[in-house]
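S.K.: I have a structure I would like to understand better, so I am pasting it below and will then ask my questions one at a time.
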Amino acid sequence: MRYAPFFLLILVLALYATMAVCAQPTYNGGNTEAGAPRPLQQGSSPSTVPSETAIAPNIPSGQGGAYTGMPRDSYVRPPSGYAPVPPGYGPNPLYMPGKTLNTGRPFTGSPAWMQEGSIPYQGGMYPPFGANLFQGYFAGTYYEGMNENYIITPGDRILVHIWGAHAYSDTLMVDQQGNIFLPEVGPVNVAGMRHSQLQGKVRSFIASTFTSNVEVYVNLLTAQPVAVYVTGFVQRPGRYAGGMSDSVLYYLDRAGGIIPDRGSYRDVKIQRHNSTVATVDLYAFILSGQIRGGRLQDGDVIVVGPKGDSIIADGLIPQHASFEIKGKGGARGDELIALAAPLPAVSHVSVRGTRNMVPFHVYLTLDGFKKFHLTGSDRIEFLADRPGDSIMVSVSGSTLGATHYPVRRNTTLRTLLAHVPVDSELSNLSGIYLKRKSVVEQQRKAIHDALRRLESSVLTATSANQEGAAIRVEEAKLVQDFVRRAALVEPDGVVVVTRNGVTADIALEDGDEVVIPQKSDVVHISGEVMIPKAVVYVKGQTVRKYITEAGGLTDRGDSSNILVVHPNGEIAEAGSTKILPGDMLLVMPKYDSKGFSIFKDIMQVIYQLAISTKVILS
């Protein structure tokens, strides 16, 4: 018992050492950090990949070794815009976020391939044209060849029943000469004929021997399957079974499709007995439904070649993509137009690339681009850079006619109004105004700039003492909440075009909205009042009386700061204008600047919001 503590200590240390060894992570090739190899799985050898280990998706058959590193999701992927980790190298075991290296400190820096000088992603920001072709829909349509148009070939099994004056029943296989042998009838050549013709062919041969009282039933049981090899730049190279009627699309889909960034969609070869019998251009199938290659035979090899030079195209085209050039000599612009199918509105094309190792940029008309010679890695943008002859203007409010008017460019407001039918008894023609998109953008920019300045002035303010710092914290909270709410308010983009009953004859812009307000007998009261409401207009009634009808001012209402918004969009102070039917009274808030010095800046923003949105934000 005297040695019990000593043996207990040894047992604890041994257990701790065992746990430490078992906890070591495994990296590329299954080796631990200490270099101890991982035990081989049953049925594998040091030079082969275990059956549970996936072949690297980026390595085509015959183009490199198998990927035996750790699972793909257990290491950090390169960011978008950078090349993936080269196949065969696996992840960097030294870059494991949170892993403590021999320095004793957590490693948090970026690996070399994430730093400056990385290889750009070759496919650009858009996928290759045709990348969505293989999604399992071809592989999921396997058919054993029992359709009426199936061509019978050697190896097919045919069921023959004969009854009546002569009885016979058997399952016959089409021999290598294309015949089936019927006792007392002889060989019947059926290879090369359609399934729909089989019954008649066999019946006619039997009828030539047994002329009467003989019935015949013939059925194709199974078609001869074929096994085709798929290799090259595909996701899962291998040997796949199918029917003789299955096209090259079926086998490519079974192999997981073409590797988008490395495989060619225009150079798919079909090899038979070490000779190329056909070359398939998948672009022809995508654009016109044409596919070459004929019927595949047992032992054929489908080889997807490496991706050729590609041109990135975007702009006014149905699909932004990287278009592969067929051949090595580049392509003309009209060839890319045939692939990209630009929209009818396209008038110009921007071409960017390199020529003689120097950046190159040219701007062409669409006709000039058709003859322009393109090279790999060029980037093309299709643009509509030709001004139209007309613009679209809308009319809303009190109108009896259409709401949208296509008019010639530079049409003036009065010219348009001459064609807009209105009811003069109901329409307030002295209150017409415009809503313009360009003004909305200007007002929005002005508001956001003011909000940024306001927030910046608060967050960068300094304090002389602890009491001042506490005030600054409260100011920051107040301003950030105000900025968040103010940024959500949308300006209306109103342009005042009518004064004293006269409408200015200004030129219209595309997207303008002409508003013809309806005559109104009420005055709207909003802002810092107890009950925002609309009250009946009374000629000569004072502003104070209208405010009283709305329940009076709130505690924050400023009786000396009331804005009047007229129906034509014009804004004035209450003391400098008359109250008219349809006007809106906006009571502005007041703040005690003794508590917070920032209230003066907030009031300036509130004024901008009130003028551009007709909304008072507390």
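S.K.: Please list, ordered by first then second residue, the pairs with beta carbon atoms under 9 Å, 6 or more apart or interchain, first in segment 263-275 and of a type in the set (A, V, I, L, M), second open to solvent by 10 Å² or more (accessible area, probe 1.4 Å) and not in a strand (DSSP E or B).
M.R.: Going by the 9 Å Cβ cut-off, the qualifying pairs are VAL268/ASP281; VAL268/GLY293; ILE270/ARG292; ILE270/GLY293; ILE270/GLY294.
S.K.: Shifting gears a bit: Quick check: anything in segment 531-541 open to solvent by less than 40 Å² (accessible area, probe 1.4 Å), modelled with pLDDT of 90 or more and in contact with a Leu (Cβ under 9 Å, 6 or more places away or on another chain)?
M.R.: The first filter runs over segment 531-541 and keeps only residues open to solvent by less than 40 Å² (accessible area, probe 1.4 Å), leaving 535, 541.
Of the ones still in play, those that are also modelled with pLDDT of 90 or more are 535, 541.
Of the ones still in play, those that are also in contact with a Leu (Cβ under 9 Å, 6 or more places away or on another chain) are none.
Scanning segment 531-541 turns up no residue that is open to solvent by less than 40 Å² (accessible area, probe 1.4 Å), modelled with pLDDT of 90 or more and in contact with a Leu (Cβ under 9 Å, 6 or more places away or on another chain).
S.K.: Now, a different point. Can you name the residue in segment 338-362 that is without any contact (Cβ under 8 Å) to a residue 12 or more places away in the chain and on the phi > 0 side of the Ramachandran plot and is also farthest from the chain's Cα centre (by Cα) among such residues?
M.R.: ASN356
S.K.: Looking only at segment 544-558, how many residues end up being open to solvent by less than 30 Å² (accessible area, probe 1.4 Å) and β-branched (Val, Ile, Thr)?
M.R.: Number satisfying all stated conditions: 1.
S.K.: What is the one condition in (1) under 22 Å from GLN443 (Cβ atoms); (2) part of a loop (DSSP other than H, G, I, E, B); (3) touching a residue at least 40 places away in the same chain (Cβ under 8 Å) that VAL515 does not satisfy?
M.R.: Here VAL515 clears every test but (2).
S.K.: From ASP334, ASP378, ASP367, which residue is without any contact (Cβ under 8 Å) to a residue 12 or more places away in the chain and closer than 30 Å to ILE286 by Cβ? Explain how you work it out, then say what you get.
M.R.: Working: ASP334 fails: without any contact (Cβ under 8 Å) to a residue 12 or more places away in the chain; ASP378 fails: without any contact (Cβ under 8 Å) to a residue 12 or more places away in the chain.
That would be ASP367, the only listed residue that is without any contact (Cβ under 8 Å) to a residue 12 or more places away in the chain and closer than 30 Å to ILE286 by Cβ.
S.K.: Here is a further query. Picking from TYR405, TYR363, which residue would you name as being part of a strand (DSSP E or B), out of contact with any helix residue (DSSP H, G or I) (no Cβ under 9 Å at 6 or more places or on another chain), surrounded by 13 or more Cβ atoms within 10 Å (Cβ to Cβ) and not aliphatic (A, V, I, L, M)? First the steps, then the outcome.
M.R.: Values: TYR405 fails: out of contact with any helix residue (DSSP H, G or I) (no Cβ under 9 Å at 6 or more places or on another chain).
Sole residue among the options that is part of a strand (DSSP E or B), out of contact with any helix residue (DSSP H, G or I) (no Cβ under 9 Å at 6 or more places or on another chain), surrounded by 13 or more Cβ atoms within 10 Å (Cβ to Cβ) and not aliphatic (A, V, I, L, M): TYR363.
S.K.: Quick one: is GLY192 farther than 11 Å from ILE152 by Cβ, open to solvent by less than 60 Å² (accessible area, probe 1.4 Å) and modelled with pLDDT under 90? Walk me through it before giving the result.
M.R.: Values: farther than 11 Å from ILE152 by Cβ: no; open to solvent by less than 60 Å² (accessible area, probe 1.4 Å): yes; modelled with pLDDT under 90: yes.
It is false that GLY192 is farther than 11 Å from ILE152 by Cβ, open to solvent by less than 60 Å² (accessible area, probe 1.4 Å) and modelled with pLDDT under 90.
S.K.: State the number of residues belonging to segment 470-488 that are under 45 Å from the mean Cα position of the chain (by Cα) and surrounded by fewer than 16 Cβ atoms within 10 Å (Cβ to Cβ). Walk me through how you get there before you give the answer.
M.R.: Looking only at segment 470-488, we keep the residues that are under 45 Å from the mean Cα position of the chain (by Cα), and these are 472-488.
Retained after the next criterion (residues that are surrounded by fewer than 16 Cβ atoms within 10 Å (Cβ to Cβ)): 473-474, 476-478, 480-481, 484-485, 487-488.
Residues flagged as under 45 Å from the mean Cα position of the chain (by Cα) and surrounded by fewer than 16 Cβ atoms within 10 Å (Cβ to Cβ) within segment 470-488 amount to 11.
S.K.: Check SER347, SER398, SER377 and return the single one that is surrounded by 14 or more Cβ atoms within 10 Å (Cβ to Cβ) and touching a Ser or Thr at 6+ places or on another chain (Cβ under 6 Å).
M.R.: On the way: SER347 fails: touching a Ser or Thr at 6+ places or on another chain (Cβ under 6 Å); SER377 fails: touching a Ser or Thr at 6+ places or on another chain (Cβ under 6 Å).
Matching residue, one of SER347, SER398, SER377: SER398.
S.K.: Here's something else I'd like to know. Among the numbered criteria (1) farther than 30 Å from ARG408 by Cα; (2) open to solvent by 50 Å² or more (accessible area, probe 1.4 Å); (3) in contact with a Leu (Cβ under 6 Å, 6 or more places away or on another chain), which one does ILE525 miss?
M.R.: Only one criterion is unmet by ILE525, namely (2).
S.K.: Has segment 100-110 got any residue that is modelled with pLDDT of 85 or more, surrounded by fewer than 17 Cβ atoms within 10 Å (Cβ to Cβ), of a type outside the set (Lys, Arg) and out of contact with any Cys (no Cβ under 9 Å at 6 or more places or on another chain)?
M.R.: Kept after step one, since they are modelled with pLDDT of 85 or more, are these residues of segment 100-110: none.
So far as segment 100-110 goes, no, none of its residues is modelled with pLDDT of 85 or more, surrounded by fewer than 17 Cβ atoms within 10 Å (Cβ to Cβ), of a type outside the set (Lys, Arg) and out of contact with any Cys (no Cβ under 9 Å at 6 or more places or on another chain).
S.K.: Also, quick follow-up: I'm trying to understand the selection: among the residues of segment 292-318, which are without any contact (Cβ under 8 Å) to a residue 60 or more places away in the chain and over 26 Å from ARG236 (Cβ atoms)?
M.R.: If we filter segment 292-318 for residues that are without any contact (Cβ under 8 Å) to a residue 60 or more places away in the chain, which is where we start, we get 292-294, 318.
Within segment 292-318, just PRO318 meets the criteria.
S.K.: Quick one: is ARG254 under 22 Å from TYR150 (Cα atoms) and over 28 Å from the mean Cα position of the chain (by Cα)?
M.R.: Values: under 22 Å from TYR150 (Cα atoms): yes; over 28 Å from the mean Cα position of the chain (by Cα): no.
So ARG254 fails the test.
The values are calculated or read from the model by the stated rules, or taken from the named source; none is laboratory data. Values in this document were obtained by computation on a predicted structure and should not be read as measured data. Methodologically, a virtual Cβ is constructed for each residue, glycine included, from the backbone with ideal geometry; neighbour enumeration extends over all protein chains shown. To get the accessible areas, we keep the full protein, side chains included, count just its heavy atoms, and leave off ligands, DNA and RNA. Shrake-Rupley method; radii C 1.70, N 1.55, O 1.52, S 1.80 Å.
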